[in-house]
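Notes follow the structure.
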Amino acid sequence: MMMEQPWLGYFAVAEELSFNFLITAQGSFEIMVRNKEGAPIEGIPITLQFLAQETLPDGSVKDLPMEPDTLESADPATANLKKTVLRGKLTELATGQPTLEITLEVVSGTILANARIIDKGIFDKNSLRPVIRAGFPVFYVNENSVKAEWDKKQIKEFEKRIGKDSVTLKRLDGKVVKLACVDKTDPKFKEVNGTGISSAEVEISDYQNRKIEGTSKNYLFEA
């Protein structure tokens, strides 16, 4: 089934009260947050990337990205997405590629996403783990690039605008860490990340006070 306007070029669409969830025909996954009036906030989508990570013998980790042109589904295209299952190949190898299965479901304003490796290919299955990576757009200008152009008043106004923006992390050990976006923090610090993160809540003024929360259960969730 071919999608019609305004969804020409998409495979699946879910229109919710606070967001649109879009799967393009090219295999990209986007979340468009809606403003208070219900219109999508254009130009700043949140993206979801599905991949796997391989743990090498030396302990280092290597990304195995999905090849978008291998993504397929037995489900028809739809402008009223409830649930769909997709499969795609990982890495650029000509043969022996692992296969990742993605299950997506939209329920009561929540996107439920699951990824699992259903065919290890030539890889050792124990060395692979599925990953769902959330990508947020760059909301803030680079401070170093504007120092020569902005005066103290402009910098102060900018810092005031983003003063309430934050990322709240719940660690696997139960501790909650709140990071202010106005501060410079390395999320890899042990004091921040601990032994890992079970959920992340992002609050950005450009999203008009809507909170974006990601929770991980059976896979690695990165934001």
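The values are calculated or read from the model by the stated rules, or taken from the named source; none is laboratory data. Note that the structure is predicted; figures quoted are calculated from it, not measured. Glycine also receives a Cβ, built like all others from the backbone with ideal geometry; neighbour counts cover every protein chain displayed.
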Total residues in region 123-154, condition closer than 28 Å to Val33 by Cβ, of a type in the set (A, V, I, L, M, F, W, C) and at pLDDT below 75: 4
Condition met for Thr110 (of a type in the set (Ser, Thr, Tyr) and within 16 Å of the chain's Cα centre (by Cα)): yes
Single residue of region 5-23 satisfying the filter (surrounded by fewer than 16 Cβ atoms within 10 Å (Cβ to Cβ) and free of Cβ contacts under 8 Å to residues at least 24 places away in the same chain) that is nearest to Gly109 (Cα to Cα): Pro6
Filter result for Ile132 (closer than 23 Å to Ser18 by Cβ and in contact with a strand residue (DSSP E or B) (Cβ under 9 Å, 6 or more places away or on another chain)): yes
Answer residue from region 34-81, given it is under 23 Å from Ser108 (Cβ atoms) and of a type in the set (D, E, K, R) and is surrounded by the fewest Cβ atoms within 10 Å (Cβ to Cβ) among those: Glu37
Criterion: surrounded by 15 or more Cβ atoms within 10 Å (Cβ to Cβ), of a type in the set (Ser, Thr, Tyr) and at pLDDT below 95 - qualifying residue of Thr91, Thr84: Thr91
Candidates Thr103, Thr185, filtered to the one that is of a type in the set (Val, Ile, Thr) and at pLDDT 80 or above: Thr103
